[in-house]
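Remarks on the structure that follows.
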Amino acid sequence: MGYLKLKCLLVLVCFVLCSAYADSSPNNNLGNLLSGCECPKAKRYFPQNRKVSFFEAWRQCLALGLRLATVTSSADSELIKEAINATNTTTEPWWIGGTDLGLEGSYLWISTELPVGQQTGYTNWFPGEPNNFRGNENCLDIGRRDAVGWFDANCDWKQKFVCEKVSN
Ligand SMILES: [Ca+2]
Ligand SMILES: [Ca+2]
């Protein structure tokens, strides 16, 4: 069996065990079996219907016990799109947690301190973005036009924002 097939099988086994573990009490042996497995993390998005600057959005998510949203896969894009659509205000921009304030053109997720696109390689820039318009666009938002394409924007602009919660 090839390494990749073996790895896929292991992930599948982990997934089944994780699912069983999630429905069971923590006092069984599954916890031991799970050591060494990396459970798929469940991500939930929480759009916030207040307009604030990027860094105020970051602070407010933390104050809610959440963190400013990250989008690291097409599945995440679908999830955040659903969350935004459910607010019925789909044409406005929403801050999510990417910024290149530290180094122009080098985007980080402020919530995980990981470079945007690291690990998964996933990015979802709207065509022509990021354009660092007027040399002063260093924070990432979504929700304009096609709803999930990313734009760089002025961090001081007051916009709605999306927090997230990631659980095992
Ligand atoms: Ca920039
Ligand atoms: Ca821009």
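Restricting to region 50-66, name every residue that is within 19 Å of Asp156 (Cα to Cα) and either of a type in the set (A, V, I, L, M) or surrounded by fewer than 19 Cβ atoms within 10 Å (Cβ to Cβ) (or both).
We begin by selecting, within region 50-66, every residue within 19 Å of Asp156 (Cα to Cα); these are 50-62.
Listed by number, the residues that qualify are Arg50, Lys51, Val52, Ser53, Phe55, Glu56, Ala57, Arg59, Gln60, Leu62.
If you check every pair at least six apart or on different chains, which have Cβ atoms under 7 Å apart with a residue in region 109-123 that is closer than 20 Å to Ala57 by Cα first and a residue that is aromatic (Phe, Trp, Tyr) second?
Ile110/Trp58; Pro115/Tyr107; Val116/Tyr107; Val116/Trp109
Got a sec? Which strands (runs of 3 or more DSSP E) wholly within region 83-168 have at least 3 residues that are modelled with pLDDT of 95 or more and either of a type in the set (Ser, Thr, Tyr) or within 13 Å of ligand 1 (Cβ to nearest atom) (or both)? Full working, then the answer.
Working: elements: 94-99, 139-142, 151-153, 159-167.
By residue number, 139-142, 151-153.
Please enumerate the residues belonging to region 105-141 that are acidic (Asp, Glu) and more than 13 Å from ligand 2 (Cβ to nearest atom).
Residues of region 105-141 acidic (Asp, Glu): 113, 129, 137, 141.
Listed by number, the list holds a single entry, Glu113.
Given (1) crowded, with 18+ Cβ neighbours inside 10 Å; (2) at pLDDT 95 or above, where does Tyr21 come up short, assuming only one miss?
Going through the list (1) crowded, with 18+ Cβ neighbours inside 10 Å; (2) at pLDDT 95 or above, Tyr21 breaks only (2).
The values are calculated or read from the model by the stated rules, or taken from the named source; none is laboratory data. Source: prediction; values computed, not measured. Virtual Cβ from ideal backbone geometry, glycine too; neighbours counted across all protein chains shown.
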